[in-house]
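Written below as structure tokens is the structure these notes are about.
The values are calculated or read from the model by the stated rules, or taken from the named source; none is laboratory data. Predicted model only: the values in this text are computed from it and were never measured. We place every Cβ from the backbone using ideal geometry, glycine too, and count neighbours over all the protein chains shown. Ligands, DNA and RNA are excluded from the accessible area calculation, which covers all protein heavy atoms including side chains. Shrake-Rupley method; radii C 1.70, N 1.55, O 1.52, S 1.80 Å.
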Amino acid sequence: MFSKDTYIERRQELKRLVGQGLIVLFGNNDAPANYPANCYAPMRQDSSFLYFFGQHRDGLVGIIDVDNDEEWLLGDDIDVEDIVWMGYTPSVSDLAAEVGIARTAPMARLSAVCHDAIATHRPIHYLPPYRHDTKIQIMDLLGIHPSEQKAKASLPLIRAVVKMRSTKTAEEIAAIDRACDVGYMMHTTAQRLIRPGVTERYVGGQVDGIARSMAQGVSFATIFSQHGEIMHGIPSGAQLEAGRLALCDAGCELDDYCSDHTRTMPVTGSFTQRQLEIYSIVEQCHDYVLQVARPGVKYADVHFAVCRMMVDRLKELGLMRGDTDEAVRQGAHAMFLPHGLGHMMGMDVHDMEGLGQIYVGFDDETRPNLEQFGTNCLRMGRRLEEGFVVTDEPGIYFIPHLIDLWRAEGHCAEFLNFDLLDTYKDFGGIRIEDDVLITADGCRFLGTKRIPYHPEELEEFMSSNQ
């Protein structure tokens, strides 16, 4: 939690940006895993609620009455029966005072507040809900069916929250730096453990353990797999095999802010020549972002610059051919890179994605291309601004089913060497990812320590820890 003044100033700015009406920000509740008393733990609070109200307790709703310049924290105090099981929890009024709110009330007050606003035709602003219990609550309060709630969410509130949360303050950047330092420990733990015979599940579990012991937990389900061509490959019971590559995509949440890194390692600790050829392309694309990402540059332009670099290098290996610009224009590069270069990151690992990617990663100037395979997964395209935090995560993947499909369809055949591609079907995939802060005159990686990724230093690090 930041200082009381931080939350007071954030709510004041939100009122200014929204302009009128009643803002209702729903906190999260415990989510049962398989029966009511066995919940996923620890509870994950809603990020926008945290941003403006700072409290992690379940069963809270924040109200900001813009017209009357009033702020309320609503929730029911914990009774002694819950205290027996869960320990003492401060009262709602104590929680409110910690973040500069003078008015509190039981949750039952929320219905009356919303009904009064409806009766007087005041706009009620809420964000798109993503949890079913919140959707039921909105339906009970506002009479909006869950199937209509996303479409009827407040665009003024969405735009205001995106504007505020996109630009990170110094204290937020410091929190992300700390999370990235835990990310360093997570990934170097994986690099120390990788060897033939160890299971994916064991390494993934050890990575998760670092996040749980050094931070609030993981920022997303850890990806650890020898099948790096599967974007979200979860750890299996398979043993690591000599000659294969292992991809680890993992991060943590610390002080309510996230980290997100990816490293790809040779299971034996040394790259084969073929692996090194592909890895060096990804490495070059990853490092190129530091040269070109800066305020005023569209991240979509950075993405496509990386794609052109990748095509040029793949042409040198004989995997691609033809005019580079035309190959990228037609989406041939998506055979190897079927996702975007990166996404916003902050309190959410895909920051604010639940509010609508079209508002977070795009704007009136920069619109998404939802028709072209690969480009339709570009999550961040708008102009960069000082204080933005984005991920830099190029990759090259050899996906057997995609190779077969495009060959059968003749898709982009003038740019792809399918005969050579067939020999890479057992290759897997490579991704290198770091978190980037946009600064006044350029950008920098976040975190005080750099997880080894240059081939020589990675091989040396792995060999010294075997």
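Each row is one residue, and each column tells you yes or no for (1) open to solvent by 30 Å² or more (accessible area, probe 1.4 Å); (2) touching a Cys at 6+ places or on another chain (Cβ under 6 Å); (3) among the aromatic types (F, W, Y).
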| residue | (1), (2), (3) |
| --- | --- |
| F49 | no, no, yes |
| L74 | no, no, no |
| Y88 | yes, no, yes |
| E98 | yes, no, no |
| A105 | no, no, no |
Margin query: When you scan the range 266-279, do you find a residue that is more than 29 Å from G197 (Cα to Cα) and out of contact with any Asp or Glu (no Cβ under 9 Å at 6 or more places or on another chain), even just one?
Written below: no
Margin query: Looking only at residues that are crowded, with 24+ Cβ neighbours inside 10 Å and over 13 Å from the mean Cα position of the chain (by Cα) in the range 247-262, which one is nearest to L437 (Cα to Cα)?
Written below: C248
Next item on the list: Test A413 against the criterion of being part of a loop (DSSP other than H, G, I, E, B) and either modelled with pLDDT of 95 or more or hydroxyl-bearing (S, T, Y) (or both), and give yes or no.
Entry: yes
Notebook entry, point to check: Is it the case that some residue within the range 422-434 is basic (K, R), surrounded by 17 or more Cβ atoms within 10 Å (Cβ to Cβ) and closer than 25 Å to D249 by Cβ?
Noted result: yes
Next item on the list: Go through (1) open to solvent by less than 30 Å² (accessible area, probe 1.4 Å); (2) within 28 Å of A440 (Cα to Cα); (3) part of a helix (DSSP H, G or I) and name the single condition K168 misses.
Entry: (3)
Margin query: For the range 435-457, give me each residue that is touching a Lys or Arg at 6+ places or on another chain (Cβ under 8 Å) and assigned to a strand (DSSP E or B).
Written below: V436, L437, I438, C443
Next item on the list: Go through the residues of the range 183-202 one by one and say whether even a single one is under 23 Å from L50 (Cβ atoms) and modelled with pLDDT of 95 or more.
Entry: yes
Note to self: Tell me the residue from V349, V360 that is within 22 Å of Q149 (Cα to Cα) and either modelled with pLDDT of 95 or more or open to solvent by 10 Å² or more (accessible area, probe 1.4 Å) (or both), please.
What the structure shows: V360
Item checked: Elements of type strands (runs of 3 or more DSSP E) contained in the range 236-301, each with 3 or more residues being at pLDDT 95 or above and more than 16 Å from V389 (Cα to Cα) -> 245-250, 261-266
Checklist line | Out of G410, G395, G387, G429, sole residue that is under 30 Å from V360 (Cβ atoms) and over 20 Å from the mean Cα position of the chain (by Cα) | finding: G429
Check: How about the range 434-443: which of its residues are in contact with a helix residue (DSSP H, G or I) (Cβ under 8 Å, 6 or more places away or on another chain) and of a type in the set (D, E)?
Finding: D434, D435
Next item on the list: List every residue pair whose Cβ atoms lie under 7 Å apart, where the two residues are 6 or more positions apart in sequence or sit on different chains, the first residue falls within the range 147-167 and is closer than 17 Å to G361 by Cα and of a type outside the set (D, E), and the second residue, located anywhere, is open to solvent by 70 Å² or more (accessible area, probe 1.4 Å) and not in a helix (DSSP H, G or I).
Entry: T167/E385
Checklist line | Residues that are farther than 17 Å from T222 by Cβ and open to solvent by less than 10 Å² (accessible area, probe 1.4 Å), drawn from the range 171-189 | finding: E172, A175, I176
